[in-house]
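The values are calculated or read from the model by the stated rules, or taken from the named source; none is laboratory data. All of these numbers come straight from a predicted model, not from anything done at the bench. Cβ sites come from the backbone with ideal geometry, for glycine too, and all protein chains shown count toward neighbours.
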Ligand SMILES: Cc1ncc(C[n+]2csc(CCOP(=O)(O)OP(=O)(O)O)c2C)c(N)n1
Ligand SMILES: [Mg+2]
């Protein structure tokens with residue numbers, strides 16, 4: 001028996017199995033999207049593959065009724081842990097009218113849902129960071145005090161938006177969790193050519209709040225660091241920067257060919273340490289995941305992905321006139 005690392009953190013057996021299920025679901029939806037893209041059925045994919053542990057471990061640390069999220073395009077695992085479904089993801093990928101993010105108007109990966117407290121995002125990277133900070137300030141002014149999650153890539157931590165948002169949140173001790181998913185590349189640019197400091201987490205000291213660098217491939221470690229940060233924010237002690245070190249297992253997007261900038265050996269090495277396989281081993285070693293339960297979960301995920309694909313493929317497109325909506329204020 002391996003050491004049980006989740007119970008001392010207050011995570012139940014049911015919760016860690018749910019984490020595993022969500023990691024599998026996000027991965028399988030993503031894999032299906034690549035097939036659909038290569039078959040010419042959907043125009044674009046931007047993947048969460050390799051980053052599921054970071055995203056889902058972090059999501060479990062929030063109060064999903066009260067808190068808010070300003071995620072970035074790779075966060076399919078995160079938004080699914082916040083309530084979105086496989087069907088929602090596929091409706092967005094097929095750009096159908098029922099897509100809850102934008103009615104098929106935004107690119108895939110531009111998540112947004114009033115129902116799940118997810119703020120809609122823009123394509124210029126890092127714009128979600130000052131939005132998250134503003135949201136936290138507004139929440140304080142309203143006396144509701146939600147904790148706000150915002151995520152971004154390590155490349156995006158070089159944008160002015162990150163520094164401006166972090167500075168403002170530090171000065172005003174706002175309850176923001178800055179969550180950097182360091183997957184070692186910004187499209188073709190490797191980490192060493194992006195930043196000269198040791199780690200992205202080191203940047204927090206300049207803004208007067210803690211920064212931690214953690215293993216982003218272990219959902220329990222991610223949960224622990226994020227929960228500490230959320231508790232700190234709820235106490236009124238201000239923001240935290242978390243750098244979850246991980247790896248993007250597939251090309252940047254369906255329009256990228258990563259053979260141009262990284263070796264197959266490097267990718268194979270990362271795949272051999274796939275966070276999903278690692279978490280499965282943990283769950284087996286603590287006696288929670290028999291082969292039978294694992295098969296059941298995999299079957300359930302496969303059914304959900306099939307159902308979501310069929311539903312979204314058959315769903316109607318928006319009416320052309322819909323394009324003109326949500327641009328100017330409309331009379332009731
Ligand atoms: C302001 C801005 N500059 C450039 C781009 C084009 N672009 C999209 S994703 C990306 C790389 C971002 O890398 P990183 O922040 O590490 O996130 P990752 O995709 O690796 O998760 C770039 C340069 C953009 N969308 N917005
Ligand atoms: Mg990156």
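Structure notes:
- Segment 225-239, subset more than 14 Å from residue 169 (Cα to Cα) and without any contact (Cβ under 8 Å) to a residue 24 or more places away in the chain, residue surrounded by the most Cβ atoms within 10 Å (Cβ to Cβ): 225
- Any hit, segment 176-184, residues being out of contact with any strand residue (DSSP E or B) (no Cβ under 6 Å at 6 or more places or on another chain) and within 14 Å of residue 245 (Cα to Cα): yes
- Residue match in segment 32-41 (condition: touching a residue at least 24 places away in the same chain (Cβ under 8 Å), buried (at least 24 other Cβ atoms within 10 Å of the Cβ) and either touching a strand residue (DSSP E or B) at 6+ places or on another chain (Cβ under 9 Å) or within 29 Å of residue 134 (Cβ to Cβ) (or both)): no
- Out of 199, 157, one residue alone is on the phi < 0 side of the Ramachandran plot, buried (at least 20 other Cβ atoms within 10 Å of the Cβ) and free of Cβ contacts under 8 Å to residues at least 60 places away in the same chain. It is 157.
- Of all the residues in segment 202-230, those that are over 18 Å from the mean Cα position of the chain (by Cα) and within 16 Å of ligand 2 (Cβ to nearest atom) number 1.
- Answer residue from segment 186-196, given it is in contact (Cβ under 8 Å) with a residue 12 or more places away in the chain and more than 10 Å from ligand 2 (Cβ to nearest atom) and is surrounded by the most Cβ atoms within 10 Å (Cβ to Cβ) among those: 195
- Subset of segment 278-306 [without any contact (Cβ under 8 Å) to a residue 40 or more places away in the chain, in a helix (DSSP H, G or I) and more than 16 Å from residue 25 (Cβ to Cβ)]: 281, 284, 291, 292
- Residue within segment 102-123 that is touching a residue at least 60 places away in the same chain (Cβ under 8 Å), touching a strand residue (DSSP E or B) at 6+ places or on another chain (Cβ under 7 Å) and either over 30 Å from residue 302 (Cβ atoms) or near ligand 1 (Cβ under 10 Å from one of its atoms) (or both) present: no
- Unmet criterion (only one of (1) in a helix (DSSP H, G or I); (2) touching a residue at least 12 places away in the same chain (Cβ under 8 Å); (3) surrounded by fewer than 24 Cβ atoms within 10 Å (Cβ to Cβ); (4) within 14 Å of ligand 1 (Cβ to nearest atom)) for residue 129: (3)
- Taken over segment 79-101, the residue count meeting the criterion of being farther than 17 Å from residue 315 by Cα and away from ligand 1 (no atom under 16 Å from the Cβ) is 5.
Yes or no, residue by residue, for (1) part of a strand (DSSP E or B); (2) modelled with pLDDT of 95 or more; (3) within 15 Å of ligand 1 (Cβ to nearest atom):
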residue: 162; (1), (2), (3): no, yes, yes
residue: 170; (1), (2), (3): no, yes, no
residue: 177; (1), (2), (3): yes, yes, no
residue: 181; (1), (2), (3): yes, yes, yes
residue: 198; (1), (2), (3): no, no, no
residue: 220; (1), (2), (3): no, yes, no
residue: 225; (1), (2), (3): no, yes, no
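- Any hit, segment 93-116, residues being more than 16 Å from ligand 2 (Cβ to nearest atom), part of a helix (DSSP H, G or I) and in contact with a helix residue (DSSP H, G or I) (Cβ under 8 Å, 6 or more places away or on another chain): yes
- For segment 70-88, a tally of residues being under 27 Å from residue 311 (Cα atoms), under 13 Å from the mean Cα position of the chain (by Cα) and outside any loop (DSSP other than H, G, I, E, B) returns 6.
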